[in-house]
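Asks: Could you have a look at this structure, given as structure tokens, before my questions?
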Amino acid sequence: MTVTASTSDFDLDAKYRVTDGSVLITGVQALARVLFDQIRADRQRGLHTAAFVSGYPGSPLGGFDQILERNAALLAEHDVRWVPGVNEDLAATSVWGSQQDNLAPLSNHDGVIGMWYGKAPGVDRSGDAFRHANLHGVGTNGGVVCAVGDDPQSKSSTLPGASEVALYDAGMPVLVPGTPQEVLDLGRHAYELSRYTGCWTGLKIVTSVADGFGSADVAPGRIAPVLPELSFGGEAWRHVQRPTFFLPHTVELEAELYERRHAAARAYAAANGLNAVEVDAPDAWLTILSAGRTYQEVRQALADLGFASDTALRDAGIRLVRLGMIYPLEPGIARAAARGVEEILVVEEKRSFVERFLREYLYDQAERPRVVGKRDERDARNARLRAILVRSSFLVDGNPVGTRAPEAVVLGDGSVVEVLPPFAGG
């Protein structure tokens, strides 16, 4: 049933019930809605699925369990079972159990989708459960999303969080939304990708996205997943979970994960446009590549520097690439980023992650521009200095440069140039 947005019968749970129109929603609320949207999509195509959710609370996803608790009627309507975890790794093991219909066939449903939630320390301690569950794969008409709350600025955590490396180590594809709208869209894609590839899929949600609030468009056909037709060894690709999980099957599954499932994830990302060239210039000399919330921050920084419009960026020869899936890196978007430019600047929150994969992929390609990010062609400190300089204020002989035209700023013999970094006081 389609529910259209209306002001006449508005209710606080409209953000979850409206299926056609616009809703006001936070990032954490959008994550809860992803469960309902996936169940609705399954029902539209004739699948009677349920959902099993378990995890451990902690900001930036600290309110997620409270949202589920307050919406018991919605959970019941959509066959969503929420079981709070005693800790993160027991929760992950419980979600793994929801995907083992080969051991306990389902009598009332066609499949079960799973969701694990937790913050970065929970990812660290759940690594063994994640590796086992991801290698085993998802159940029939199932799929699992690992919703990871990362706190890169350590706003409410003892340590800064960046979980993509841990998810990579477990062999999970990693999707990175940058707005509540992208939480809804990439959340749906995360389930479809998981079901298609057999992989558990990481959904990295940083603090500013989890706490962020905005309008999001919803519609029954907004996400229409395209399932690529792949074949390996002459056999059409289709993930089927093996009933046993012992030698020699675990060794065979490891090969399948990295040689077939990840190839399927790359194909899904390409077919469904998870990554995009947002701004292109026919004579681009520079590509700036970023993902999730960082992409939004790059756009703001460029606007602050006078490149607020797409036209201004094109005129300056700057190409912008936004990644929705940061791992595994999809070759097509890497080639699109490299096409015809002198340099690719990779902007990431913490450690160099995409930068390393991009540099590795381009190493033996015909088009091989310079790749800079956490490090440049000289050393890592230069890249950090450059990042500070572009946001700094300048004074010439004590007078602020401000937004004056370049020709109005005269540097004479003996002129003194002062640089005030963005964190300077006064």
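None of the figures in this text is laboratory data; all of them are computed from the coordinates on show. This structure is a prediction, so every number in the text was calculated from the model and none was measured. All Cβ positions, glycine included, derive from the backbone under ideal geometry; neighbour counts span all protein chains shown.
Asks: Relative to the first principal axis of the alpha-carbon coordinates of the chain, what is the inclination of helix 262-271, with its axis defined by its Cα atoms, in degrees from 0 to 90 and to the nearest 10?
Replies: That works out to roughly 70 degrees.
Asks: Against the longest principal axis of the chain, how steep is helix 292-304, in degrees 0 to 90 to the nearest 10, with axes from Cα atoms?
Replies: Roughly 20 degrees, rounded to the nearest 10.
Asks: Among all lysine pairs in the chain that are eight or more places apart or on different chains, how many have alpha carbons less than 19 angstrom apart?
Replies: Taking the chain as the scope, the lysine pair count is 7.
Asks: Indicate the gyration tensor shape class of segment 276-387 (rounded, prolate or oblate), computed on the Cα atoms with a ≥ b ≥ c the square roots of the eigenvalues: a/c under 1.5 is rounded; otherwise a/b larger than b/c is prolate and the rest oblate.
Replies: Cα axes put segment 276-387 in the rounded bin.
Asks: Report, largest value first, the span of the C-alpha coordinates of the chain along each principal axis, in whole Å.
Replies: Per principal axis, max minus min of the Cα coordinates gives 85, 57, 41 Å.
Asks: Return the long-range amide H neighbours of Leu203 (sequence gap of 5 or more, or a different chain), with a cut-off of under 5 Å between placed amide H atoms.
Replies: It is Cys146, Ala147, Val148, Leu175, by chain and number.
Asks: Follow-up. Would you mind counting up the charge near Trp116? Only other residues with Cβ under 11 Å from its Cβ, with Lys and Arg at +1 and Asp and Glu at -1.
Replies: -2
Asks: By the scheme Lys and Arg +1, Asp and Glu -1, what is the net charge of all other residues having a beta-carbon under 12 Å from that of Ala271?
Replies: Residues close to Ala271 contribute a combined charge of -2.
Asks: In the chain, once you exclude exposed chymotrypsin sites (Phe, Trp or Tyr not before Pro) (DSSP loop, at most 10 other Cβ within 10 angstrom), what's the longest stretch remaining?
Replies: My reading of the result: 11-245 is the longest stretch.
Asks: Additional query: Where does helix 380-389 land angle-wise versus the long Cα axis of the chain, in degrees 0 to 90, nearest 10?
Replies: 70
Asks: Restricting to DSSP H runs of at least four residues, report the calculated mean residue ellipticity at 222 nm for the chain, -39500 (n - 2.57) per run over all residues, nearest 500 deg cm²/dmol.
Replies: Mean residue ellipticity, 222 nm, calculated: -10000 deg cm²/dmol.
Asks: Also, quick follow-up: Which GluC sites (Glu not before Pro) from segment 294-381 combine a DSSP loop assignment with at most 13 other Cβ atoms within 10 Å?
Replies: Answer in residue order: Glu342, Glu367, Glu377.
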